[in-house]
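Here's the structure, in structure tokens; my notes come after.
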Amino acid sequence: MITILDYGLGNIGSLKNMFKRIRQNVNITSSPSEIIKSTKIVIPGVGSFDEAMNRINNIKGLREALNLKALHHKIPILGVCLGMQLLTHKSEEGTLDGFKWIPGETKKFPKSSKFKIPHMGWNEVSSRNSKSKLIENIKHDDRYYFVHSYYVKVHNENHSLLKTKHNIEFDSAINKDNLYGVQFHPEKSHKYGMKILKNFSEISC
């Protein structure tokens, strides 16, 4: 069963409903003991980097349980929006460390008179690694819904799955081993987001 991490930030209800549409049952929890039992985990997130990490760090045993599942049990884990940023080492938005599971950092969009910040609305993606199960059957003109003022830059381009342009080009989907992240909101991206979540649900444990 897929577990959605509930640490107080994120569109949990919308994610649950989207998984339901693809006939996937989900468990919603912040319990470390429940996390230990999980075979797949989704880490959502809306808000600030430090607030998210503080909330996770302050739930006794939660970060240790997540590290165990990510790095030792190596189950598929998907970070969504802020949840993807938490997979990196750090963010210009705050001072706390992220999970450091995927080498990279979260940076603030540069100011521009032509491009609004936050990057909000529908945008296209381009594939960098078509072999990944997460983006199987994703087309160049598929569009996804974004809401973010910070973007991820991975240190190793082999960990970049999808790119998107908004003034600059940034990583809109990333992957290292069993760890995945998407900057857009699949739960708000209609049939395109449904494909992403369906692909994730079918990744082998």
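Table for the structure above
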item: Segments classed as strands (runs of 3 or more DSSP E), wholly inside segment 123-176, with at least 1 members that are at positive phi, in contact (Cβ under 8 Å) with a residue 24 or more places away in the chain and touching a His at 6+ places or on another chain (Cβ under 6 Å); result: none
item: Count of residues meeting criterion [in a helix (DSSP H, G or I) and surrounded by 14 or more Cβ atoms within 10 Å (Cβ to Cβ)] in segment 72-86; result: 4
item: Residue check, ASN58 surrounded by fewer than 22 Cβ atoms within 10 Å (Cβ to Cβ), closer than 26 Å to LEU162 by Cα and of a type in the set (S, T, N, Q); result: no
item: Scope segment 101-122; condition among the hydrophobic types (A, V, I, L, M, F, W, C), more than 16 Å from GLY83 (Cα to Cα) and part of a loop (DSSP other than H, G, I, E, B); matching residues; result: PHE109, PHE115, ILE117
item: Residue ID - surrounded by the fewest Cβ atoms within 10 Å (Cβ to Cβ), chosen from residues in segment 34-55 that are among the β-branched types (Val, Ile, Thr) and modelled with pLDDT of 95 or more; result: THR39
item: Failed item in (1) part of a helix (DSSP H, G or I); (2) touching a residue at least 60 places away in the same chain (Cβ under 8 Å); (3) over 21 Å from LEU71 (Cα atoms); (4) not hydroxyl-bearing (Ser, Thr, Tyr), with LYS191 passing the rest; result: (2)
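The values are calculated or read from the model by the stated rules, or taken from the named source; none is laboratory data. The model shown is predicted, which means the values in this text are computed figures rather than measured ones. Every residue, glycine among them, receives a Cβ derived from its backbone with ideal geometry; neighbour counts consider all protein chains shown.
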